[in-house]
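Enquirer: Would you mind keeping the following structure in view while I ask a few things?
The values are calculated or read from the model by the stated rules, or taken from the named source; none is laboratory data. The shown structure was predicted, so the numbers you read here are calculated from the model rather than taken from an experiment. Note that each Cβ is placed from the backbone with ideal geometry, even for glycine, and that neighbours are counted across all protein chains shown.
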Amino acid sequence: MTLIGMLHHRKDPSKVRKTYAFAAVAKAEGADFFYFSPSTVNFSKKSIKGKVYENGSWVERNMPFPDVIYNAGDPNKLAKSEKVIQKLQEMIPFTTNSIGNKWSVYERLKRGKEFSHYLIPSEKISNDSDEFFRFLYAFKKIVFKPYDGRKGKGIYFISLKKNNKEEFLVTQDSHSSSYSRNQLKDLIEEKLSTGTYIMQPYITSITKSGQVYDFRLHVQKSGEGEWVITAIYPRIAPKGSIIPNINNGGFTNYLEPFLKQEFKEEAMNIKGTLEHFSLTLAQHLDELQMQLYGEVIDEMGIDIGLDENKKIWIYEVNWLPGCPPTFYLEMDVVINSIRYAMYLAKNQQAIKAKIQKVKRMNTAKGEIPIIAITGSAGKTTTKAFLASILSKKWNTFESKDYWNTAQHTEIHASEINKSHEAIVLEYGMASPGTITKHCSIIKPNISIVTNIGLAHVGYFNDDIRGIAKAKSELIHGMDQDGLLVMNKDDRNSLLLETDKFRGKIITIGIKSDADYKAFDVKYSENGMSFKTMLHGHKEKFFIPIFGEHHVYNALNAIAVADHLGLTPIEIQAGLLFRKPPRRLTVYNQKNNIILIDDTVHSHPEGVRAAIDVLANIGKHRKIAVIGEIRALGNLREAEYRKIGEYVYDKKIDLFITYGDQTETMGDQAKIKGFPAKNVYHFDDRNQLHEFLKRIIKKNDTILVKGASRANMYETIKFLKKTFK
C-alpha cells in the first residue's frame, strides 16, 4: 500500500480541517495516511512521529518515511524548517512544489509567447511616488496592491476624476473617497514605506446588473497524472464593492446559469473557452516548472476576468488555492489529491523521464530581434522607449544611454549572451564608414532611422546628402530581409538609399499618411497623449515626456513592438519608460518656477523642438536660454538666424543666447520684430548666471538648451540651487 504523509506547520491535525477528509479518502482509495510537522522528522532513523486517525481520534505513531508527501502547510510558516524540507525533498517525492509568488509567476508567463498576451501589464514600485503618478496618468484607472498580499487585502482602486488632473477617486473594499494630488501622494508614500507594491491597469468584468465579478479556475492532477478541472465558478462582488474575493464579502454562483444569464447564446462557447484555457495554462506552467526546477506541480487556482470584448485577462495564479467555497466540492479536491499522490509514488521513473524529455525538448527560439537605431535626433529616446516596451515580455539587452560609438558596440557584443531574448542598440555616426563598422560587429535584423538632420553636417561638406548616405549604411549593413522603420514626415529621409533593400519598410508620421500615424496629439499635465490605429482599432497612448518630436520617437517603438506581436496594453505600459537624463527634464522650483533641462545634445531641429515645449507648457513668462550648436560648418549663421526667427514666431518673452556667435540668433529675432529690450547675449557664464538670478521671478518657465560640450548643464545646476 502507498504511504502518504501530510506535511503541515501545525502540530495538531485536529486544527487542520481537511485532514479528516484526507484520512477518510486515503482509506477508501487503499492508501495509508498520516499527518506530521517538520520537528518530528528523524533522519538518522528515517522515521517520523506522525499522527494517524483511528477510531475517531488522532493517535501518535512512529511512522517510516512515506512513499510520497502532500505538502499542505503555509509556505511562510514552514520557511523556518527549510533545511528539513529540502532534505525530505531530496529523498521523497512531494506532490506540491511551489510555483513561486504571484510576481514570479507573472515574470515566467510574460517570457513565453503562449500566454503573455493574457497578462495585465504590472509594475513593481517600492519608493517612487512620481512613477506611481506616471502610471496613473497613462491608464486613468489602476489597481495598487501589496506585492505579497493575500485574500484581496490591502487593495486600492484609484482613478482620475473625469477631466481633472488634480482630483482622484480612491476605493478600498467598498469605501470610496476623493483625494487631492498631495493627499494621494501622502497615501502612496505611506504605503510604500511599509513595503513593495504592484501597479496594474484596472481591467474588470461587470455583470448586467453592474456588479464586478471574476472567474476562479481550479485545476488539479488526476490519478493518471493528467490535468483535470475541479471547478470553474464566478465570484461576484457585493453591490458597491469592486473586490469579488470571497474573503471580502463576495459570493459565488454556478457556472452555466451565470453564463446563460450574462452571455445568452454565447454561454456554451465561453464555457468551452474557459475550460480549454484552464487546462492549457496549467500544462504550460507545469512544463515551465520541469524546465526550470526539474519538478512537477499538482494544483493551482487561476483568477481571470473577461473585458467588454470578452478577452481573457489573467489577474493572478495561486499556488495552494483554497477549496471551492460551495458546490460540495471538498471531497472532489481531496480525491484528486490522494489519487495523484498514489500515482506520483508509483510512477517516479516515468515522471523523471518526462522531466528529462521536457528539458531536452528543442527550445530553440526563432531569430531574436536585434534592433539598431540611428538618425540625427531621437536615437536615445527611441531606444529607451523600445527597450522599455520589449522588457515587458523578454529579457532585453539595452545599450547604455549615449554609448553609440563602434567601440561601444564591440563592448556590447561581449556583453550579450544566450539569456537575452531581444537586443536594442543605438548606432551613432560622425563620419562615413562608422555605421558599416557597427553592422560588421552586430548585424541587426530590424533597423530604425529616426530622421536625417543637420547634426554633424559640418563634417560632410555642409551637404545633407552626405549625412543621408552615411545613415544609409545601416540599411545596407542590416539583414536584407529584415524590417526597416522610417519617418515619412521627414523629407530628408527620402534621400536614404532603400532601392535595393528586399525587406519590409514601414513608416511612421504625424502629418503624413504613414503606416503608424499619430493623431489627436496633445500636451497633457505630465507629457504627451496621442492616438494611433493598430489592427483596425483606435488605441490611445501616453508618454511621460514633453514635445511632439518625442511622439515620433514613441511611434518608432510602437511600430517595432507591434510588428513583434506585443499587445497595445503591453506597449502602453512600456512607454512609461525611464527617461534619459537631461532630455527635456522638467524641474519644479520654488515660487512656481519651472526649469526645462535639454542640455545633452543640440542641433537646429532639436532647438526648435525644445522651444515648442517651452511655448506649450509655459503658463506665464517664457524665457529661452540657448547655447551654441557645434559642427554646423558654413551653415551655422543661416541656421542661427532661422532659430532667431522661430523664437519670435513662438512668442517667447525673453531670449538669451550664450557662446560663440550665438548673438546672431538674437539679432535675427530683433529684425523680425522681437523687442530689443528682451534680447540678451553673454560670452561669460558667470555674468549669465548673475543676470538670470536677478531677472527670474515667480511663475517663470525657463528653457536651457545646448550641446554637452557647451556645458549648459552648469546653468541648470546653478538655477536649481538658486531657486531650490
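Enquirer: Is it fair to say Ile702 is among the aliphatic types (A, V, I, L, M), under 18 Å from Thr599 (Cβ atoms), touching a helix residue (DSSP H, G or I) at 6+ places or on another chain (Cβ under 8 Å) and at pLDDT below 90?
Expert: no
Enquirer: Quickly run through the stretch 157-168 and pick out the residues that are modelled with pLDDT of 85 or more and surrounded by fewer than 16 Cβ atoms within 10 Å (Cβ to Cβ).
Expert: Within the stretch 157-168, Glu167 is the sole residue that qualifies.
Enquirer: Here's another thing I want to ask about it. Could you grab the pairs with beta carbons closer than 7 Å, sequence gap of 6+ or different chains, first residue in the stretch 386-404 and among the acidic types (Asp, Glu), second one outside any helix (DSSP H, G or I)?
Expert: The qualifying pairs are Glu398/Val424; Asp401/Pro580.
Enquirer: Consider only pairs whose beta carbons are under 8 Å apart and that are at least six residues apart or on different chains; among these, list those whose first residue lies in the stretch 343-357 and is among the charged types (D, E, K, R) and whose second residue is in a helix (DSSP H, G or I).
Expert: Here the result reads Lys354/Met290, each pair linking the stretch 343-357 to a residue that is in a helix (DSSP H, G or I).
Enquirer: Still on this structure, I have one more. Determine, yes or no, whether Asn404 is in the same structural domain as Pro544 (by TED's automatic domain parsing), touching a strand residue (DSSP E or B) at 6+ places or on another chain (Cβ under 8 Å), in a loop (DSSP other than H, G, I, E, B) and polar (S, T, N, Q). Explain how you work it out, then say what you get.
Expert: Values: in the same structural domain as Pro544 (by TED's automatic domain parsing): yes; touching a strand residue (DSSP E or B) at 6+ places or on another chain (Cβ under 8 Å): yes; in a loop (DSSP other than H, G, I, E, B): yes; polar (S, T, N, Q): yes.
For Asn404, the condition - in the same structural domain as Pro544 (by TED's automatic domain parsing), touching a strand residue (DSSP E or B) at 6+ places or on another chain (Cβ under 8 Å), in a loop (DSSP other than H, G, I, E, B) and polar (S, T, N, Q) - is met.
Enquirer: Could you list, in sequence order, all residues of the stretch 272-291 that are surrounded by fewer than 17 Cβ atoms within 10 Å (Cβ to Cβ) and within 15 Å of Ile229 (Cβ to Cβ)?
Expert: Correct list: Gly272, Thr273, Glu275, His276, Leu279, Thr280, Gln283.
Enquirer: Which one is surrounded by the fewest Cβ atoms within 10 Å (Cβ to Cβ) among residues in the stretch 484-499 that are charged (D, E, K, R) and without any contact (Cβ under 8 Å) to a residue 24 or more places away in the chain?
Expert: Per the stated criteria, the residue is Asp499.
Enquirer: Give me a count of the residues in the stretch 73-115 that are surrounded by fewer than 16 Cβ atoms within 10 Å (Cβ to Cβ) and of a type in the set (Lys, Arg).
Expert: Total meeting the criteria: 6.
Enquirer: Would it be correct to say that Val560 is of a type in the set (A, V, I, L, M), surrounded by fewer than 23 Cβ atoms within 10 Å (Cβ to Cβ) and either in contact (Cβ under 8 Å) with a residue 12 or more places away in the chain or touching a helix residue (DSSP H, G or I) at 6+ places or on another chain (Cβ under 7 Å) (or both)?
Expert: For Val560, the condition - of a type in the set (A, V, I, L, M), surrounded by fewer than 23 Cβ atoms within 10 Å (Cβ to Cβ) and either in contact (Cβ under 8 Å) with a residue 12 or more places away in the chain or touching a helix residue (DSSP H, G or I) at 6+ places or on another chain (Cβ under 7 Å) (or both) - is not met.
Enquirer: I've got another one for you. Could you count how many residues in the stretch 13-39 are more than 18 Å from Val333 (Cα to Cα) and either in contact with a Cys (Cβ under 8 Å, 6 or more places away or on another chain) or free of Cβ contacts under 8 Å to residues at least 24 places away in the same chain (or both)?
Expert: Selection size over the stretch 13-39: 1.
Enquirer: Restricting to the stretch 441-456, and then to whatever is modelled with pLDDT of 70 or more and out of contact with any strand residue (DSSP E or B) (no Cβ under 9 Å at 6 or more places or on another chain), can you tell me which residue is nearest to His408 (Cα to Cα)?
Expert: Looking at residues that are modelled with pLDDT of 70 or more and out of contact with any strand residue (DSSP E or B) (no Cβ under 9 Å at 6 or more places or on another chain), I get Ile441.
Enquirer: Of all residues being of a type in the set (A, V, I, L, M, F, W, C) and over 30 Å from Ser337 (Cβ atoms) in the stretch 199-240, which is surrounded by the fewest Cβ atoms within 10 Å (Cβ to Cβ)? Just the residue, please. Break it down into steps so the answer makes sense when it comes.
Expert: Of all residues in the stretch 199-240, those of a type in the set (A, V, I, L, M, F, W, C) come to 199, 203, 206, 212, 215, 217, 219, 227-229, 231-232, 236-237.
Adding the requirement that they be over 30 Å from Ser337 (Cβ atoms) leaves 199, 203, 206, 212.
Values: Met199: 24, Ile203: 18, Ile206: 16, Val212: 21.
Across the stretch 199-240, the extreme among qualifying residues is Ile206.
Enquirer: Related question: Condition first: at pLDDT 90 or above, acidic (Asp, Glu) and surrounded by fewer than 17 Cβ atoms within 10 Å (Cβ to Cβ). Can you find one or more residues in the stretch 293-314 that meet it?
Expert: The answer is no, given that none of the residues of the stretch 293-314 is at pLDDT 90 or above, acidic (Asp, Glu) and surrounded by fewer than 17 Cβ atoms within 10 Å (Cβ to Cβ).
Enquirer: Checking the condition in contact (Cβ under 8 Å) with a residue 60 or more places away in the chain and of a type in the set (A, V, I, L, M), which residue from Ile643, Ile671, Ile696 passes?
Expert: Result of the check over Ile643, Ile671, Ile696: Ile696.
Enquirer: Of all residues in the stretch 39-72 being in contact with a Leu (Cβ under 6 Å, 6 or more places away or on another chain) and β-branched (Val, Ile, Thr), which is surrounded by the most Cβ atoms within 10 Å (Cβ to Cβ)?
Expert: Among those that are in contact with a Leu (Cβ under 6 Å, 6 or more places away or on another chain) and β-branched (Val, Ile, Thr), it is Ile69.
Enquirer: Of all residues being part of a loop (DSSP other than H, G, I, E, B) and of a type in the set (Val, Ile, Thr) in the stretch 649-694, which is nearest to the chain's Cα centre (by Cα)? Just the residue, please.
Expert: So in the stretch 649-694, the residues part of a loop (DSSP other than H, G, I, E, B) come out as 650-653, 659-662, 673-675, 683-684.
Filter again for of a type in the set (Val, Ile, Thr), leaving 652, 662.
Numbers: Ile652: 38, Thr662: 43 Å.
Selected residue: Ile652.
Enquirer: Something else: Within the stretch 292-307, identify whether any single residue is out of contact with any strand residue (DSSP E or B) (no Cβ under 6 Å at 6 or more places or on another chain), assigned to a loop (DSSP other than H, G, I, E, B) and within 20 Å of Pro244 (Cβ to Cβ), and answer yes or no.
Expert: So far as the stretch 292-307 goes, yes, one or more of its residues are out of contact with any strand residue (DSSP E or B) (no Cβ under 6 Å at 6 or more places or on another chain), assigned to a loop (DSSP other than H, G, I, E, B) and within 20 Å of Pro244 (Cβ to Cβ).
Enquirer: Right, another one. Assess whether Thr409 counts as being modelled with pLDDT of 95 or more and either farther than 30 Å from Ala638 by Cβ or in a strand (DSSP E or B) (or both).
Expert: no
Enquirer: Being under 20 Å from Ile569 (Cβ atoms) and either within 23 Å of the chain's Cα centre (by Cα) or not assigned by TED's automatic domain parsing to the domain that holds Asp489 (or both) is the filter here; which residues of the stretch 511-529 pass it?
Expert: Tyr516, Ala518, Ser524, Asn526, Gly527, Met528, Ser529
Enquirer: Follow-up question, since we're still on this one. Go through the stretch 508-518 and count every residue that is in contact with a Ser or Thr (Cβ under 7 Å, 6 or more places away or on another chain) and among the hydrophobic types (A, V, I, L, M, F, W, C).
Expert: Going through the stretch 508-518 one residue at a time, the tally reaches 2.
Enquirer: Hey, Gly195 hits all of (1) small (Gly, Ala, Ser); (2) more than 23 Å from the chain's Cα centre (by Cα); (3) not in a strand (DSSP E or B) but one; which does it fall short on?
Expert: For Gly195, the exception is condition (2).
Enquirer: List the residue pairs whose Cβ atoms are under 6 Å apart, where the first residue sits in the stretch 408-426 and is among the small types (Gly, Ala, Ser), the second is in a strand (DSSP E or B) and surrounded by 16 or more Cβ atoms within 10 Å (Cβ to Cβ), and the two are 6 or more positions apart or on different chains.
Expert: Ala422/Thr396
Enquirer: If you don't mind, there's one more thing I want to ask. Filter the stretch 120-149 for residues that are closer than 17 Å to Glu570 by Cβ and either buried (at least 16 other Cβ atoms within 10 Å of the Cβ) or aliphatic (A, V, I, L, M) (or both) and give the result.
Expert: Within the stretch 120-149, Ile120, Pro121, Ser122, Glu123, Arg134, Phe135, Ala138, Phe139, Ile142, Val143 qualify.
Enquirer: Hey, another quick one. Considering every residue within the stretch 226-238, establish whether at least one is in contact with a helix residue (DSSP H, G or I) (Cβ under 7 Å, 6 or more places away or on another chain), assigned to a helix (DSSP H, G or I) and under 30 Å from Gln349 (Cα atoms).
Expert: Within the stretch 226-238, not a single residue is in contact with a helix residue (DSSP H, G or I) (Cβ under 7 Å, 6 or more places away or on another chain), assigned to a helix (DSSP H, G or I) and under 30 Å from Gln349 (Cα atoms).
Enquirer: Tell me which of these Ala267 doesn't satisfy, since it passes every other one: (1) modelled with pLDDT of 90 or more; (2) closer than 18 Å to His218 by Cβ.
Expert: Result: Ala267 passes all but (2).
Enquirer: Quick one: how many residues across the stretch 530-549 are within 24 Å of Arg583 (Cβ to Cβ), within 19 Å of the chain's Cα centre (by Cα) and not β-branched (Val, Ile, Thr)?
Expert: Taking the stretch 530-549 as the starting set, the residues that turn out to be within 24 Å of Arg583 (Cβ to Cβ) are 530-532, 540-549.
This time we only want the ones that are within 19 Å of the chain's Cα centre (by Cα), so: 540-545.
Still in the running and not β-branched (Val, Ile, Thr): 540-542, 544.
Qualifying residue count for the region: 4.
Enquirer: If you don't mind, another one. Out of Ile423, Ile435, Ile464, Ile368, report the one residue that is closer than 19 Å to Ser602 by Cα and of a type in the set (Val, Ile, Thr).
Expert: It is Ile464.
Enquirer: I need a count of the residues in the stretch 599-630 that are within 23 Å of Lys693 (Cα to Cα), touching a Gly at 6+ places or on another chain (Cβ under 8 Å) and in a helix (DSSP H, G or I).
Expert: 2
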